[in-house]
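Data first, discussion second: the structure below is written as structure tokens.
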Amino acid sequence: MLLSETAASIKNMEIRGAGRIARAAVEALADYAKNLNISDPETFKSEMQKAAGILIATRPTAVSLPNAVKSVMRALDSFGSVEEGRAAVLARAAEFIEHSEHAIERIAEIGARHISDGDVLMTHCNSEAALGCILEAHRQGKDIEVYATEVRPRGQGLLTIKTLNDAGIRTNYIVDSAVRYFINDVDLVFVGADAIAANGAVVNKIGTAQIALAAHEARTNVIVAAETYKFAPRTILGELIEIEERDPAEVLPREVAEKLPFVRVRNPAFDVTPADYIDLIVTEQGAIPPELAFTVIRDYLGWKIEDLR
Ligand code: RUB
């Protein structure tokens, strides 16, 4: 796939979910480097920077995307010939993809430990990491049942219930607004993340914060499954994570909206759940309380204070 095609697929959500977006962007970047027919190292670097910028701009909230792209681009911090730079980009890209795939497996193993035989779980949206934990618990022979939300307006819940059904897991499919109605039947909420701030706040699909609030009220634990590259370094400086607001037509068809001139349709794709409503974040490096989010940025993302200027 061409870089522009990958960028378009991420934007229109044919490629979606923070982990998949990151891997697709890294693959596109590697492919671009492979085919870039340039002999001057500086031009090679600036063309690569342009490509990285195009990929990063596709979706603003999933921090996995800039984290992944930047980790590959660090290969060009210093290099000699174009061939050297190209090889370094390809090596870093392969390393990221391998790390990412391994991270999902590791999170599944760690997350499944927190699921007990007989548990009823709730999940929202379609998170590879959260589903990995649920599937692993089932694979280990734990008898579990899941409540999965519909996820308006894009209906990612449909992907989730297909996966759960294929695995033979008893699943209840509910509309987003039925969460509080069922929360007392639930032992544990498992969700993924698009971004995690230094203060432990989690950005995930719109509706996650409401679920966490209902869970908090019902004294139901909320576990977030997220790879370390979803932690957002710049939030250390108080920078806020941008919440993507998508096309209103995803919520209400344009021809209906046109007849309602006083109505403005709002379509934020994500929301922020404060750390107070999260019990545990499961990463590939281990499970941490949200209050320790900063240590992940410091110890595992390789960021230095100088990088934050
Ligand atoms: C997807 C979403 C997912 C996270 C984590 O939103 O909010 O919960 O990205 O997913 P969208 P994963 O459908 O708008 O991309 O664990 O697969 O990275």
- Mind checking which lysines have their Cα closer than 29 Å to the Cα of Lys34? Skip sequence neighbours fewer than 8 apart in that chain. Lys11, Lys45, Lys50, Lys70, Lys230
- Query: Restricting the count to DSSP beta bridges whose residues both fall in the chain, what percent are antiparallel, rounded to a multiple of 5?
  - Reply: 35
- Note on the structure: Residues of region 13-53 with backbone N under 13 Å of the label point set 7 Å from the Cα of Glu101 along Cα→Cβ are 23-24, 27
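Roughly how large, in nm² to one decimal, is the mean projection of the convex hull of the alpha-carbon atoms in region 3-103? Walk me through the numbers on the way to the answer.
Numbers: hull surface 22.7 nm².
One quarter of the hull surface, i.e. the mean projection, equals 5.7 nm².
What's the whole-number percent of alpha carbon pairs in the chain lying beyond 34 angstrom?
That fraction is 24 percent.
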- Chain lengthening between Ser78 and Asn199 when straightened (0.36 nm per residue, less Cα-Cα): 40.3 nm
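Counting helices only, and only those DSSP H runs with n ≥ 4, report the 222 nm mean residue ellipticity of the chain as the sum of -39,500 (n - 2.57) divided by its residues, in deg cm²/dmol to the nearest 500.
-13500 deg cm²/dmol
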- Whole-number value, in Å³ per residue, for the convex hull of the alpha carbons of region 203-242 is 96
- Once label points are set 7 Å from the Cα along Cα→Cβ at both Gln140 and Asp176, what is their separation, rounded to one decimal in nm? 3.2
- Query: Hey, what did region 107-308 get for relative contact order, percent, Cα under 8 Å, at least 6 apart?
  - Reply: 23
- Item | 5 angstrom amide H check on Asn221, placed H, neighbours 5+ away | Val189
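Using only Cα atoms, figure out Rg for region 71-176 and give it as a multiple of 2.2 N^0.38 Å. Show your work: numbers first, answer last.
Details: Rg = 19.0 Å, N = 106, 2.2 N^0.38 = 12.9 Å.
Relative to the 2.2 N^0.38 Å estimate, region 71-176 comes out at 1.47.
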- So what are region 168-245's ellipsoid semi-axes, whole angstrom, largest first, if each one is the square root of 5 times an eigenvalue of the alpha-carbon gyration tensor? 26, 13, 12
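Bear in mind that the values in this text are calculations on the coordinates, not laboratory data. Since we're looking at a predicted model, the values are computed, not measured. Positions of Cβ are backbone-derived with ideal geometry, glycine not excepted, and every protein chain shown enters the neighbour counts.
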